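Below: one structure, written as structure tokens.
The values are calculated or read from the model by the stated rules, or taken from the named source; none is laboratory data. Quick caveat: nothing in here was measured; it's all calculated off a predicted structure. Cβ coordinates were reconstructed from backbone atoms using ideal geometry, including for glycine residues, and neighbour counts include every protein chain displayed.
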Amino acid sequence: MMFLRVMLALLLASLTAAAETRVHITGLRHKSEAQVLELMGGRLTHVRQSPASAPLADDAAFILRRLLRKDGYADAEVGWRITGRDEITLDVREGTRLALGRVTVSGVPDEDARKFAKLYAKPAWKDRSFGLGPPPFREEDVASGLSYLRQELNARGHWAAEAEITGRATDPATGAVDVQIEVRPGPVYHISRPRIDCADGRGVALTAAEVRPFVGRKATTKNLNAMRLAVEQSVASNGFPAAVIRMGRSLEESSFIPEFSIELGERVRLRHLEVVGLERTRPERIRSRMAGMEGDWYDKAAIDRRLRQFLGTGAFQSARVETKEAGEGMVDATLHLDETRAREVSLAAGFGSYQGLTTRATYADRNLFGRLWGFSSGFELSTRGLLGDVRITNPWLLGSDVSGMVRGYALVYGREGYDVYETGLEGRLNWKFGDHYALELSGGSSVVNLNDDGLPVSELGETVYIHPRLRLTQRLDFRDNTVLPTSGWHLENPLQIGAAVGDLSTSYVMAGLKGGWFRRINSHYDIGIGGELEMLMPSGDGGDLPIDLRLFNGGARSVRSFPERELGPQANGYATGGEAMWNVNTELIRKISGSLKAVAFVDAGALARSHEDFAAADIELATGLGIRFDLPIGPVRLEYGYNLTRDRGEPAGALHFAIGTAY
């Protein structure tokens with residue numbers, strides 16, 4: 001008997017556990033019951049897992065009513081009925097759905113008006129219940145949308161900007177609510193001299209010095225954030241890691257007055273620096289990079305920069321610093337470095353209008369011998385030839401900010417009218433001074449053999465030679481982004497001396513200047529101007545200089561109406577190069593959608609066989625169109641250049657496919 005009772009209790013418990021309350025919805029006109037129940041999802045779990053009851057039915061009705069009102073059914077009502085022990089029915093009276101219609105913005109240029117209309121609609125698009133159809137119109141979104149407009153205007157320096165709804169109209173047939181917004185940007189504010197509240201005069205001096213370069217600039221969010229960051233880093237670099245910095249503002253006429261409140265806290269020195277978490281990396285390599293910090297004022301900003309550099313090697317997946325007090329005015333710091341896999345084998349493929357299909361296989365070790373040296377070895381095969389190279393990079397020679405690289409290579413390459421066989425060794429040193437100026441010194445030597453393949457042998461110059469060279473390059477870079485620039489400029493000034501040592505030895509000096517300027521007109525248009533000037537001055541007869549050391553023009557990064565390297569003097573239909581060249585590129589770039597852009601360009605350039613004939617060289621002009629797609633590695637460009645100054649034997653134009661900016 002007892003056994004039967006136990007079995008009966010277990011059976012009843014099983015039936016109770018298996019029972020699930022079903023929820024039905026009636027009265028929906030624009031959504032199916034299945035769609036709405038799926039959206040309600042987990043929020044109905046507690047209702048379904050219990051027997052039907054009035055409180056649970058009321059909960060289900062409340063959940064559905066909130067979803068409907070978030071989707072624009074402002075007058076939606078939901079009633080409920082318990083239609084069985086395990087069944088709840090929700091009765092819906094939707095009412096009219098209000099949807100955000102046309103948003104019209106006045107008081108700003110048309111380009112901004114379109115952008116502001118989208119910005120105002122952002123809250124409605126962001127928080128839709130059902131994610132289908134036009135965005136809902138909700139009263140609570142009005143204030144949020146206007147706030148987005150004011151924030152955008154503030155970011156541009158309009159700190160007295162106003163935005164308000166001046167009208168709205170509802171279409172009774174569709175429920176669409178058209179909105180009219182008036183924007184009053186007001187003046188552009190400029191950063192003025194700061195007000196600094198700090199009990200310690202050192203805080204006042206540090207802050208004033210960092211703010212000074214920003215005074216007079218537009219009070220945009222970008223400039224204000226950069227100013228605050230400069231103050232924070234300056235304070236942290238002078239031994240005040242616990243400093244509390246607050247920045248407020250006051251507005252007077254068109255002046256933005258920064259108001260800093262600073263509590264420096266205790267100034268501390270770094271007593272001891274410990275490194276933990278290393279397995280493969282040699283601890284002395286890290287300590288050499290941190291040398292000179294112990295015993296000095298604790299410089300948190302400098303330590304953070306070093307940690308970012310460690311992460312930049314690719315040998316670590318995380319890096320952080322932890323400090324603890326070590327007596328009065330002293331702290332100890334512990335660097336926590338988490339290593340990652342440093343060795344890899346990679347395969348890559350690409351295509352270019354000059355090299356054709358290119359494939360590459362590479363082995364890399366980003367932490368060679370545990371010294372954070374970068375090692376790579378690989379082969380690159382293209383329709384033009386084969387390149388094999390091995391290189392080792394040291395990011396901090398002797399623990400300094402100077403990086404170095406040594407490379408050995410072998411090359412078999414087919415040029416227009418001749419072939420190149422070259423084996424060499426080269427090295428490079430890089431110094432970076434501040435954020436914008438860099439210096440590069442490189443040198444090397446190679447053994448070169450040239451064979452004719454269409455060009456007369458007399459046009460090749462020396463065909464078997466040793467090529468020692470030394471090159472110094474200065475760079476100034478004020479671009480906002482080195483890969484995908486939209487504003488700023490950069491200049492590069494190379495100077496190279498070398499020689500072709502063979503049966504007819506020739507030395508040379510080469511100097512050049514190249515760069516570009518970028519400007520954003522508005523959210524759709526950018527312009528750019530770039531160019532290059534190079535001159536080669538050989539000793540003796542320039543005809544003895546190997547063709548592979550001469551200058552060439554034409555291609556995806558010069559005058560785009562010519563194929564790569566084919567502008568200028570020719571023999572047997574092949575370019576012979578020259579001693580002086582220049583080109584100028586102008587571009588108008590139009591954003592189409594996302595990262596896809598269209599470009600219209602005009603190029604000009606020339607190449608002279610002798611540097612003495614530079615001024616008399618024929619000028620070639622090109623114009624063209626193209627499309628490009630911005631990727632993290634640079635713009636992928638497909639462009640056609642039309643020859644405006646076509647002479648007999650010259651191409652009508654050329655199609656180019658390339659990756660990277662034209663200048």
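Observations, loosely collected:
- Selection count where residues are over 23 Å from Leu229 (Cβ atoms) and hydrophobic (A, V, I, L, M, F, W, C), scope segment 302-330: 4
- For segment 82-118, the set of residues classified as in contact with an Asp or Glu (Cβ under 6 Å, 6 or more places away or on another chain), under 30 Å from Ala161 (Cα atoms) and not basic (Lys, Arg) consists of Gly101, Ser106, Gly107, listed by residue number.
Here's the yes/no breakdown for (1) surrounded by fewer than 19 Cβ atoms within 10 Å (Cβ to Cβ); (2) in contact (Cβ under 8 Å) with a residue 12 or more places away in the chain; (3) in the same structural domain as Tyr525 (by TED's automatic domain parsing); (4) not in a strand (DSSP E or B):
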site	(1), (2), (3), (4)
His30	yes, yes, no, yes
Ser50	yes, yes, no, yes
Pro55	yes, no, no, yes
Leu64	no, yes, no, yes
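- Search result, residues across segment 298-342 that are within 17 Å of Val235 (Cβ to Cβ) and either touching a residue at least 60 places away in the same chain (Cβ under 8 Å) or under 26 Å from the mean Cα position of the chain (by Cα) (or both): Asp299, Lys300, Ala301, Ala302, Ile303, Asp304, Arg305, Thr323, Gly329, Val331
- Among the residues of segment 196-244, those identified as within 30 Å of Asp332 (Cβ to Cβ) and of a type in the set (Asp, Glu) are Asp200, Glu210, Glu232.
- Per the listing Ala117, Ala160, Ala155, the residue uniquely farther than 30 Å from Arg22 by Cα, crowded, with 17+ Cβ neighbours inside 10 Å and either aliphatic (A, V, I, L, M) or assigned by TED's automatic domain parsing to the domain that holds Pro51 (or both) is Ala117.
- Any hit, segment 495-512, residues being within 17 Å of Asn585 (Cβ to Cβ) and at pLDDT 95 or above: yes
- Any hit, segment 572-588, residues being among the aliphatic types (A, V, I, L, M) and either under 23 Å from the mean Cα position of the chain (by Cα) or under 20 Å from Gly356 (Cα atoms) (or both): yes
- Listed by position, the strands (runs of 3 or more DSSP E) enclosed by segment 331-427 that each have at least 2 residues that are of a type in the set (Phe, Trp, Tyr) and surrounded by 17 or more Cβ atoms within 10 Å (Cβ to Cβ) are 373-382.
- Residues of segment 169-191 classified as within 30 Å of Val244 (Cβ to Cβ) and in contact with a Pro (Cβ under 8 Å, 6 or more places away or on another chain), total: 1
- For segment 228-243, the criterion of being among the β-branched types (Val, Ile, Thr) and in a loop (DSSP other than H, G, I, E, B) is met by none of the residues.
- Note on segment 607-626: residues that are buried (at least 16 other Cβ atoms within 10 Å of the Cβ), farther than 12 Å from Gly554 by Cα and under 39 Å from the mean Cα position of the chain (by Cα) total 4.
- Single match in Glu492, Glu564, Glu532 (criterion: acidic (Asp, Glu), assigned by TED's automatic domain parsing to the domain that holds Pro651 and under 23 Å from the mean Cα position of the chain (by Cα)): Glu492
- Every condition in (1) surrounded by 20 or more Cβ atoms within 10 Å (Cβ to Cβ); (2) outside the structural domain of Asp141 (by TED's automatic domain parsing); (3) touching a strand residue (DSSP E or B) at 6+ places or on another chain (Cβ under 8 Å) is met by Arg228 except one, and the failing one is (1).
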